[in-house]
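Chemist: This is the structure, below, for whatever I ask next.
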Protein chains: 2
Amino acid sequence: MTRYHPLMHAPKSIAFIGLGIMGLPMTGHLLKAGHKLILHSRTKSKAQPLLDQGAAWANSPAEAAEAAEVTFICVTDTPDVRAVLLGNQGVIHSAFPGQIIIDHSTISPTATREMAAALAEKGATLLDAPVSGGDLGARNATLSIMVGGPAPAFQTVEPLLHLMGKTITHCGPVGSGQLTKLVNQILVSITNLAVCEALSFARSSGLDPEKTITALAGGAAGSWQLQNLGPKMLKADFAPGFTIDLQQKDLRLVLEAAVQAKTPLPALSLVHQLFTSAQSTGGGHDGTQALFKVLERLAGR
Amino acid sequence: MTRYHPLMHAPKSIAFIGLGIMGLPMTGHLLKAGHKLILHSRTKSKAQPLLDQGAAWANSPAEAAEAAEVTFICVTDTPDVRAVLLGNQGVIHSAFPGQIIIDHSTISPTATREMAAALAEKGATLLDAPVSGGDLGARNATLSIMVGGPAPAFQTVEPLLHLMGKTITHCGPVGSGQLTKLVNQILVSITNLAVCEALSFARSSGLDPEKTITALAGGAAGSWQLQNLGPKMLKADFAPGFTIDLQQKDLRLVLEAAVQAKTPLPALSLVHQLFTSAQSTGGGHDGTQALFKVLERLAGR
């Protein structure tokens, strides 16, 4: 049983920076739980529904975080987080001892460690906490959240994370959340390719591919990707749960981290190249299941 | 609910050819259900426990099948099945109208269609019915059985197949069982590689790889391979559920069939090459999870 920190029900002063497709619903859960929120985002209009519900607005990351016990960040890539934390009007300029900063973006583990060291000089603690589960998981508060950083800081914010996610894992020291998310992306991407090749072969061999999924999904061939993306591939439903462009950003992070870890990833590199093919034909905004189209194109179909 | 054929409880006259690690326990289930069995195998001594329980022995496939309403075959590769069916003392020489022959081996779909055509000239029906679930599935009668061939013949033998397996699927015309099994092997093999790359990266990055599996297995990264083979890789438990040598035989069948279907399978080819690396260093008798050793060797570990 999860033991919650006694502060779970005490309203906290919270900053949230980045109100995109993920950050917006996540902020809503914190607000609903009665916490005091101050927001900042590149586009102020996105914050309006939350401002109408009583959240406050700040004109910069530094201003948002200056009185916040906990500051959440949910942006896209490493340079975005760097700007929010270390830029001219970055969080570091108002950082204070005991402050906890939680980064939900998926970014470089190495850059994460560097930024944590910079914040530590002001006495603040950075937790890396990338999520999986997509915008649906953000809306339904069913995200998986993979957290790196010191255990005491993790325990302090764990009740807040439970407002936004279902599976909250403390993975190890700072950077471990990012590394775990990268492992997730390796599994997700190569298994996606497994499903594409299997269904491309099934269809071209004259099998009924829907029946084939049903026959195989319960056994050793089974996976979340087969069960969830397989039927979409067959119906040519390429609407994004998660876009190829975003997945490519994550795979770039994987490949960089793999070089540092001296670990060759041949199949992951292959998926990265095939996604590049999807992007080169204008498919970057499709969902990752559109990898199936690349396989079909390879087969001249 | 599965509707069983009225003949389910009527004892049948059955031949079973091939008493290997799979065939032997499968035969046991048929015998226990009260059917009249006549056996043939390359090594007679393997049949002895079943002969002691009342099964009869035949000196050739033709002799085993000559009075059998249903003849089961469970051998290894295409040439083995060809010898059993069309060889000098093959089943075809005693085949008779209405006879049903069920081949549980995983072999070429094209060769299966050719042999079905040859048997059809004697009025006999060949069903291809490869299985998945390994020797454990054979012993516990929990196999998945993928069947190709005419529906009436399938319905006649379905009750017998339920004595040996749990998920029995009629996949389509003759050859469809083999094709479905090949789709299974595509999924199983590439997903296996996904798990190997993910855990190789996790370990070399300094993560706790067991904890990483726990954090990710319930989400979009989840698969049977991750849940079942992942922990074995980390414990260096390479005892075979299914050997790399046998998997390579199946992947050769996949690659041949893929050429015929004009469908490139880049990741499947990659797995095939990496398994070749395992074989070239004496690892052919390891379980398929020993693909992890190849990844670790690639990384110089």
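Chemist: Select the chain B residue whose beta carbon lies nearest to the rotation axis carrying chain B onto chain A, and write the distance in whole Å.
Modeler: B:S223, 2
Chemist: Round to the nearest 0.05 the FRET efficiency obtained for A:E256 and B:D208 when R0 = 22 Å and r is the Cβ-Cβ distance. All intermediate terms of the calculation are to be shown ahead of the outcome.
Modeler: Numbers: r = 22 Å, r/R0 = 0.99.
My answer for the efficiency is 0.50.
Chemist: Taking the label point 7 Å from Cα in the Cβ direction, how far apart in nm is A:G54 from each other copy of itself, listed shortest first?
Modeler: Copy-to-copy label distances for A:G54: 7.8 nm.
Chemist: Set the Förster radius R0 to 35 Å, insert the Cβ-Cβ distance between B:Q273 and A:H285 as r into 1/(1 + (r/R0)^6), and round the FRET efficiency to 0.05.
Modeler: That pair, B:Q273 with A:H285, gives E of 0.55.
Chemist: Once phi is turned into θ = phi - 60°, what whole-Hz ³J(HN,Hα) does the Karplus curve with 6.51, -1.76 and 1.60 give for every residue of the range B:234-239, x standing for Gly and Pro?
Modeler: Per residue, the Karplus-derived 3J(HN,Hα) values read 5, 8, 6, 9, 10, 4 Hz.
Chemist: Quick check on my link table: of A:K181/B:K249; A:K211/A:K249; A:K36/A:K166, which ones sit more than 25 Å apart, alpha carbon to alpha carbon?
Modeler: On the way: A:K181/B:K249 35 Å; A:K211/A:K249 34 Å; A:K36/A:K166 22 Å.
Correct reply: A:K181/B:K249; A:K211/A:K249.
Chemist: With an 8 Å Cα cut-off and a minimum separation of 6 or more residues, compute the relative contact order for chain A in percent.
Modeler: In percent, rounded to a whole number, it is 13.
Chemist: Let me ask something else. For chain A, build the charge dipole from Cβ charges (+1 Lys, Arg; -1 Asp, Glu) around the Cα centre, then report which of A:I186, A:T43, A:G149 sits farthest towards its positive end.
Modeler: The listed residue farthest towards the positive side: A:I186.
Chemist: Now a separate question. Residues of the range B:253-301 losing 50 Å² or more of accessible surface, assembly versus chain alone, probe 1.4 Å, please list them.
Modeler: With the partner chains in place, the range B:253-301 has these residues losing at least 50 Å²: B:T263, B:P264, B:P266.
Chemist: Turning to a different aspect of this structure: Calculate log10 I(q)/I(0) of the range B:170-301 for q = 0.09 Å⁻¹, where I(q) comes from the Debye formula with a single equal point scatterer on each Cα and nothing for solvent.
Modeler: These q points yield log10 I(q)/I(0) values of -0.27.
Chemist: So how strong a dipole does chain B carry about its Cα centre when Lys and Arg Cβ are +1 and Asp and Glu Cβ are -1, to the nearest 20 debye? Walk me through the intermediate numbers first.
Modeler: On the way: 23 positive and 21 negative charges, 70 e Å.
So the magnitude is around 340 debye.
Chemist: If each of A:K44 and A:A151 carries a label point 7 Å out from its Cα toward its Cβ, how far apart are those two points in nm?
Modeler: Here the modelled spin labels are 4.5 nm apart.
Chemist: How far apart are the B:A67 label points across copies, placing each 7 Å from Cα toward Cβ, in nm, shortest first?
Modeler: Copy-to-copy label distances for B:A67: 9.7 nm.
Chemist: What aspartates and glutamates sit close enough to B:K12 to cross-link, taking a C-alpha to C-alpha distance under 16 Å and skipping anything fewer than 8 places away on the same chain?
Modeler: Straight-distance partners of B:K12: B:E66, B:E69, B:E158.
Chemist: Tell me the volume per residue, in Å³, of the convex hull enclosing the alpha carbons of chain B. The partial results should precede the final answer.
Modeler: Working: hull volume 43.3 nm³, N = 301.
So the per-residue hull volume is 144 Å³.
Chemist: Now, a different point. Over both sides of the B-A contact, add up the buried accessible area with a 1.4 Å probe and give it to the nearest 100 Å².
Modeler: Accessible area lost upon association: around 4500 Å².
Chemist: Could you order peptides A:107-113, A:39-45 by the average number of other Cβ atoms within 10 Å of their residues, highest first?
Modeler: Final packing ranking: A:107-113, A:39-45.
Chemist: Next up: Mark the label point 7 Å from the Cα of B:N59 along Cα→Cβ and return the residues of the range B:87-101 whose backbone N is within less than 20 Å of it.
Modeler: Under cut-off, by backbone N: B:87-95.
Chemist: Before I look further, what does the protein assembly as shown give for accessible area per residue, probe 1.4 Å, in whole square angstrom? Intermediate values should be presented prior to the final figure.
Modeler: Numbers: 23170 Å² over 602 residues.
Spelled out: the 1.4 Å probe surface of the protein assembly as shown, per residue, equals 38 Å².
Chemist: Report the convex hull volume per residue for the range A:32-122, counting only C-alpha atoms, in Å³.
Modeler: Looking at the range A:32-122, the number lands at 99 Å³ per residue.
Chemist: List the distances, in nm and shortest first, from the label point of A:T110 to the matching label points in every other copy, placing each point 7 Å from Cα along the Cα-to-Cβ direction.
Modeler: From this label point to the equivalent ones elsewhere in the assembly: 4.9 nm.
Chemist: Kindly write out, for the range B:210-223 in residue order, the coupling ³J(HN,Hα) from the Karplus curve 6.51 cos²θ - 1.76 cosθ + 1.60 (θ = phi - 60°), rounded to whole Hz, with x marking Gly and Pro.
Modeler: Calculated HN-Hα couplings, in order: 5, 5, 5, 4, 4, 5, 9, 5, x, x, 5, 8, x, 7 Hz.
Chemist: How many percent of the accessible area of chain A is carbon or sulfur, using a 1.4 Å probe?
Modeler: Roughly 56 percent, rounded to a whole number.
Chemist: Quick one: Karplus J couplings for the range B:287-301, per residue in order, coefficients 6.51, -1.76, 1.60, θ = phi - 60°, nearest Hz, x for Gly and Pro?
Modeler: x, 4, 5, 6, 3, 4, 5, 5, 4, 5, 5, 4, 8, x, 10
Chemist: Three principal axis extents, largest first, for the C-alpha atoms of the range A:91-136, in Å?
Modeler: Answer, in whole Å and largest first: 35, 21, 14 Å.
Chemist: Something else about it: Taking H placed 1.01 Å from N in the peptide plane, check which residues at least 5 places from B:L126 or on another chain put their amide H under 5 Å from its amide H.
Modeler: Counting only residues 5 or more places away or on other chains, the set is B:I101.
Chemist: Mind putting together the pair-distance distribution for the protein assembly as shown? All Cα pairs, 10 Å bins, whole percent per bin, short to long.
Modeler: Computed distribution, short to long bins: 3, 16, 23, 20, 15, 11, 7, 4, 1, 0.
Chemist: Using alpha carbons only, what's the Rg to Rh ratio of the range B:14-173 with Rh from Kirkwood?
Modeler: Taking Rg over the Kirkwood Rh, I get 0.92.
The values are calculated or read from the model by the stated rules, or taken from the named source; none is laboratory data. Given the structure is predicted, the values throughout are model-derived calculations rather than measurements. All Cβ positions, even for glycine, are placed from backbone atoms using ideal geometry, and neighbour counts span all protein chains on display. Calculation scope for accessible area: heavy atoms of the full protein, side chains included, ligands and nucleic acids excluded. Shrake-Rupley method; radii C 1.70, N 1.55, O 1.52, S 1.80 Å.
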